[in-house]
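The structure appears right after this line, and notes come after that.
We did not get these values from a lab; they are worked out from the coordinates using the rules stated. Worth saying up front: this structure is predicted, and the values here are computed from it rather than measured. Glycine gets a Cβ as well: all are built from the backbone with ideal geometry, and neighbour counts include every protein chain shown.
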Amino acid sequence: MIDEGVDQLQGTQAVEARALGRTFKGGVQAVREIDLTVARGEVFGFLGPNGAGKTTTVRMLCTLLPPSGGSATVAGIDVVVDPAEVRRRIGVALQEIGLDPVQTGRELLELQCGLYGITGGDARVRTGELLELVGLKDAADRRTKTYSGGMKRRLDLASALVHSPEVLFLDEPTTGLDPASRLTVWDEVRRINEAGTTVFLTTQYLEEADQLCDRLAIIDDGRIVSEGTPERLKAEIGRDVVTLALDGADARATEAALGELAGLERVVAETDALALYLEDGAGSIAEIVRRLDREEIRVGAIAVARPSLDDVFLQATGRRLEGAEEEQAA
Amino acid sequence: MNEVLLLSRRAVREISRYPEATIPALFIPLFFLAVNVGQVSETFPETTPFLGGQGYVAFQLPVSLMFAVATASSGLALVTEIDNGYFDKLLAAPIRRSSIIFGRLAADLVRGILGSTVVLVAGLALGAHMESGVLGAVVLVLLSALFGVGYAGFGILVALRTRNVQATNTSFLLFFPLLFLTPNFVPFERLTPLMEALARANPVSYVIEGLRSLVIEGWDLDKLGACIGVTVALGVVLTGLSLRAIATYDR
């Protein structure tokens, strides 16, 4: 039943936003005139640290928050002009797991079916299918307050699927989950997408974006700073990344010592490290060591790696994603 | 309409699943009934003119009914759902936002009927009798419950406006002055001039007077009409404000 209605998106984009923005009271610009296009059938990722504007964007696209500026359509429907029709066509699982703790899993799904016009025997059948899909058949008649975090997330996911939505919005679907539960949710997302549903997911996990998304946009401080397939984004920033652990060595002196290294595209200073983006990382190691020796600069470990999404994030924003999270937490 | 029924059924189901939220709320009205009656029964014996030949419990019964039904239960349930994210889930569904409020009010009606029935039975057990008969008892319970439905709008309004559990939880305290600036212990005429003026300006006084008339006097249509008028007006105003608050929530 999951693929019902998916074809209705034929000829339109699943999500289209133009200069979409949201300014809160007090003048805080959470989202700043972003442009987005998500094709039907895609798993589209919205990657960024806490406070970057991911949730605000999702809430606007889900009609939970009106935009302050710009426009957006979801499943071809304008979110401001006809929010009720948008809600009929989308499924939503927000960051806060939206479950009623007093109800059982089965009651919650049957109620959710009812709210989407699926009643009686149809609701019972659909509920059974979804409980099976997310592996909660055995726990179906327990109150949701007794569920583990992973079970709650899976039930929340199931509740977003009762009406076989054309577009599924998942706001940080694995935040707070243990690694095993995270993998289970990834499998569910893949399965839902394979059945034809477009998935728009936000995440602050690089691996999640890399593993799940056909395309992604990196958002920072309310702006989209980079967009493309994970492979293209990684390819755009150069072939290899050589990281020099400074271990107290002066960053400027180290960078100066490297001089005009062959194939070096750019150098990014990090906390007690330098990231060198160059064509041939392994082949450049000897030359790097030679030049540092010549200037009597002692560094720690030297590591060569293929570019990751973290490097993409670093290039786009000037800092690492994990570092940004720590800043937020602090 | 279907969505109102579905959400009502869910909210009513909560009552049986969360007895700890309902039972303590009944303790206060039963406590006041027992203590007030126990303390002043000697002062106001059955021969007291305004008691109509009944014990003081008949006079106090409507006050306890007010206490039983005027709760912030729905507001608390709503603010809890705002807090845990389920409220967003409901807002994201293709339903009218008003159905969320009406679902909650349906639970208040059921809770009000249950609570006022318990208090009425306690009052009857303590010696009160319904001058208006069985039908009067039914009307007494229904009017009390309807007043609870109207009053619930206040807790819902606070929940939607503040999104704060503590603020919603303490909102029912507003009811105390409204309940005590009334002819709750003695009739209007026996109050001091200032208290009488305040009580006459307080609409809750007319709800108590109407309910009390069913217990002590029988069918006094003027008092009953005023009681119904205030109850309906309160319900229309507070429910209307709640509907506006949910319609403009995050808008």
Would the protein assembly as shown count as rounded, prolate or oblate if I go by the C-alpha gyration tensor, calling it rounded below 1.5 in a/c and otherwise prolate when a/b exceeds b/c, oblate otherwise?
prolate
Any chance you could give the angle, 0 to 90 degrees and rounded to 10, that helix A:149-159 forms with the longest Cα principal axis of chain A?
60 degrees
The set of residues whose placed amide H lies less than 5 Å from the amide H of A:V15, leaving out same-chain residues fewer than 5 positions away, is A:V38, A:A75
Please give me the summed charge of the neighbours of B:D108: other residues whose Cβ is under 15 Å from its Cβ, Lys and Arg +1, Asp and Glu -1.
+4
Mean ellipticity per residue at 222 nm, deg cm²/dmol - from DSSP H runs of n ≥ 4 across the protein assembly as shown, formula -39500 (n - 2.57):
-17000 deg cm²/dmol
Using alpha-carbon coordinates, inclination of helix B:19-40 to the longest axis of chain B, degrees
20 degrees
Apply the Karplus parameterisation 6.51 cos²θ - 1.76 cosθ + 1.60, with θ equal to phi minus 60°, to every residue of segment B:172-177 and state each ³J(HN,Hα) to the nearest whole Hz, in sequence, with x for glycine and proline.
5, 4, 4, 5, 4, x
Span from the segment A:288-303 Cα centroid across to the segment B:196-251 one, whole angstrom:
84 Å
Under a plain spin-label model, where a point goes 7 Å from the Cα along Cα-to-Cβ, how far apart in nm are A:A39 and A:I285?
3.9 nm
For segment B:52-121 and segment A:156-218, what is the separation of their Cα centres, given in Å?
39 Å
Cα axis of helix A:105-115 to longest principal axis of chain A: angle in degrees, 0 to 90, nearest 10?
70 degrees
About its Cα centre, what dipole magnitude does segment A:278-321 give when the only charges are +1 on Lys and Arg Cβ and -1 on Asp and Glu Cβ, stated in debye to the nearest 20?
160 debye
Can you run phi through the Karplus equation (6.51, -1.76, 1.60; θ = phi - 60°) for segment B:4-18 and list ³J(HN,Hα) in whole Hz, with x for Gly and Pro?
5, 4, 4, 6, 5, 4, 5, 5, 5, 4, 4, 4, 6, 7, 10
Would you work out which of A:I118, A:V15, A:I97 lies farthest towards the positive end of the dipole of segment A:1-127? Charges go on Cβ: Lys and Arg +1, Asp and Glu -1.
A:I97
Given unit charges at Cβ for Lys, Arg (+) and Asp, Glu (-), the dipole magnitude of segment A:239-306 about its Cα centre in debye, nearest 20, is 80 debye
DSSP-defined antiparallel bridges as percent of all bridges, chain A, nearest 5:
65 percent
Taking +1 at the Cβ of each Lys and Arg and -1 at the Cβ of each Asp and Glu, which of B:L221, B:A72, A:P66 sits farthest along the dipole of the protein assembly as shown towards its positive end, judged by Cα position relative to the Cα centre?
B:L221
Which one of B:F102, B:F44, B:F172 has the biggest mean-square fluctuation once chain B is modelled by GNM with Cα springs under 10 Å?
B:F44
Would you list B:K223, A:K54 from fewest to most Cβ contacts within 10 Å?
B:K223, A:K54
Got a sec? How would A:K25, A:K145 order by Cβ neighbour count within 10 Å, fewest to most?
A:K25, A:K145
Using Cβ counts within 10 Å as a stand-in for footprinting exposure, how do A:T144, A:T197, A:T175, A:T57 rank, fewest first?
A:T175, A:T144, A:T197, A:T57
Paramagnetic reach from A:T229 (point 7 Å along Cα→Cβ, amide N under 17 Å) across segment A:284-319
A:307-309
Difference of contour (0.36 nm per residue) and Cα-Cα distance, A:D138 to A:D272
43.1 nm
Applying the Karplus parametrisation 6.51 cos²θ - 1.76 cosθ + 1.60 with θ = phi - 60° to the phi angles of segment A:183-189, what ³J(HN,Hα) value in whole Hz is obtained for each residue in order, glycine and proline being reported as x?
5, 4, 5, 4, 4, 4, 4
Please give the charge dipole size of the protein assembly as shown, origin at the Cα centre, charges +1 on K and R Cβ atoms and -1 on D and E Cβ atoms. Round to the nearest 20 debye.
1920 debye
Using 0.36 nm per residue, how much length does the chain from B:A201 to B:F185 gain when fully extended, once their Cα-Cα distance is taken away?
4.1 nm
Around A:V43, which amide H atoms from residues at least 5 apart in sequence, or from another chain, sit under 5 Å from its own amide H, with H modelled in the peptide plane?
A:V199, A:D214, A:R215
Can you list residues from other chains, or at least 5 along the same chain, whose modelled amide H is less than 5 Å from the amide H of A:E265?
A:Y277, A:L278, A:E279
Return the percentage of antiparallel bridges among DSSP beta bridges fully within the protein assembly as shown, rounded to the nearest 5 %.
65 percent
